[in-house]
Amino acid sequence: MSKKVTIKMVAERAGVSRGTVDRVLNQRPHVRTDVYERVMQAMRELNYVPPNEAQAEALGLTLPSVSSFKLGVVLPNWQGYFKREVMRGIRDAQAVLEAYSVEVIVEECETDLPDESIERMDHLADQQVLGMAVCAKDHISVIEKIDELKERNIPVVTFNSDVSGSKRLCFIGQDLVRGGRVAGELMAKYLDSDDQVLIAVGNSEFHAHRLRLRGFCERMQERGFSEGHYRIIETYNDYTLTYQKVREALKEFSGIKGIYMANHSTTGCVEAVRDSDIQRKLHIISHDLTDETKRLLKKNEIDFTIAQNIYRQGYRPLIILRKYIQQHILPQSDIERYAIEIMCAENLIE
């Protein structure tokens, strides 16, 4: 695939500054006629593609038409509710995209390793996809791969967990810091400022878990809880590891009164609490309305869960990529977020 022509390349061809090219592109005043013509000639010679159709029409440039093409999706090693919901969104997007002659190829990772995510992206690029939806770790190697794909004119939309600092087109997901802050506000209402809180994150390399943790700790501190009262464990979303680490923490720290599950494997946490034979009331707040969290809410074994729309995270990236590639329509923002829902036993929808 040919390299995307940039404003810098047009400026170099025309012998002008990038600012001058930008003025021509946006039809701003104070550009001499001869300079304007040089810039336009450079755009035509390089087959420069303006960012949107309105600019192309104003300049009299023809946008290249894209008929049938492929889009790719890279999924983490999700199972259960998360995989079901994101695949439901992908399938519904596929049904819509059939009318636009778009084929969707899904690559599923078997591990949490960044190298595997990169291998999946490379495999999709080898299959000539024109865009990708990616959920991967926020790792320097993943950032570099997304930036490389952009240079190859393959836009990437991240979803669920962002890859910060990368040149992705946009991110689809929850306001993760705000989600953590909501959890912190709920927890603070139950506890005294000298109570201890156990915090379980899945993997600190996942942008989502890291930002939730930040938001939670920020809000707890604002409510008078000091950092010395937090006990943080990393469980990699694994049931057995969650069970073991929660039991160990409850045994070691008798002052724990609340548990914040910023990850999956809430069942492992609850079962560890049961088997620890804790006499005091423990308040547990989790994320995501999965089958297990619904069951635990109904049994009053967790207090709240903070839901997010996983279905839309599977659906929207493909729709955004199609519009960008075929119609040159940029997303309205580089982040598309959805409402934060606080779920308890009383507002579950059967």
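The values are calculated or read from the model by the stated rules, or taken from the named source; none is laboratory data. Since the model is a prediction, treat every value here as computed from it, not as a measurement. Cβ coordinates were reconstructed from backbone atoms using ideal geometry, including for glycine residues, and neighbour counts include every protein chain displayed.
Here are the numbers for this structure:
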{"read-out": "Residues (surrounded by 15 or more Cβ atoms within 10 Å (Cβ to Cβ) and over 18 Å from the mean Cα position of the chain (by Cα)) located in the range 88-97", "value": "D92, Q94, L97"}
{"read-out": "Residue check, H229 farther than 28 Å from G314 by Cα and in contact (Cβ under 8 Å) with a residue 24 or more places away in the chain", "value": "yes"}
{"read-out": "Segments classed as strands (runs of 3 or more DSSP E), wholly inside the range 228-301, with at least 1 members that are over 17 Å from Y190 (Cα atoms)", "value": "230-234, 283-287"}
{"read-out": "Residue under evaluation Y100, criteria (1) of a type in the set (F, W, Y); (2) modelled with pLDDT under 90; (3) surrounded by 17 or more Cβ atoms within 10 Å (Cβ to Cβ), criterion not met", "value": "(3)"}
{"read-out": "Which listed residue is within 19 Å of the chain's Cα centre (by Cα), buried (at least 16 other Cβ atoms within 10 Å of the Cβ) and over 19 Å from Q313 (Cα atoms), from E107, E85, E116", "value": "E116"}
{"read-out": "Pairs, first closer than 23 Å to T6 by Cβ in the range 24-35, second modelled with pLDDT of 85 or more and among the aromatic types (F, W, Y), C-beta under 8 Å, six or more apart", "value": "V24/Y36"}
{"read-out": "Residue check, T240 touching a strand residue (DSSP E or B) at 6+ places or on another chain (Cβ under 8 Å), among the hydroxyl-bearing types (S, T, Y) and free of Cβ contacts under 8 Å to residues at least 60 places away in the same chain", "value": "no"}
{"read-out": "Every residue from the range 112-135 that is at pLDDT below 95 and closer than 19 Å to V86 by Cβ", "value": "D112"}
{"read-out": "The range 94-110, subset of a type in the set (D, E) and assigned to a strand (DSSP E or B), residue farthest from K83 (Cα to Cα)", "value": "E103"}
{"read-out": "Conditions (1) crowded, with 20+ Cβ neighbours inside 10 Å; (2) at pLDDT 90 or above; (3) under 26 Å from S161 (Cα atoms); number of the one not met by L241", "value": "(1)"}
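Residues are listed down the side, and each one gets a yes or a no for (1) over 16 Å from D175 (Cα atoms); (2) modelled with pLDDT of 95 or more; (3) more than 28 Å from the chain's Cα centre (by Cα):
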residue: E271; (1), (2), (3): yes, yes, yes
residue: I285; (1), (2), (3): yes, yes, no
residue: I306; (1), (2), (3): no, yes, no
residue: S333; (1), (2), (3): no, no, no
residue: I342; (1), (2), (3): no, yes, no
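Residue-wise test of (1) buried (at least 20 other Cβ atoms within 10 Å of the Cβ); (2) farther than 20 Å from I306 by Cα; (3) of a type in the set (V, I, T); (4) outside the structural domain of R322 (by TED's automatic domain parsing).
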site: K145; (1), (2), (3), (4): yes, yes, no, no
site: E151; (1), (2), (3), (4): no, yes, no, no
site: V156; (1), (2), (3), (4): yes, yes, yes, no
site: F159; (1), (2), (3), (4): yes, no, no, no
site: R181; (1), (2), (3), (4): yes, no, no, yes
site: E205; (1), (2), (3), (4): no, yes, no, yes
site: G215; (1), (2), (3), (4): yes, no, no, yes
site: G228; (1), (2), (3), (4): no, yes, no, yes
site: I232; (1), (2), (3), (4): no, no, yes, yes
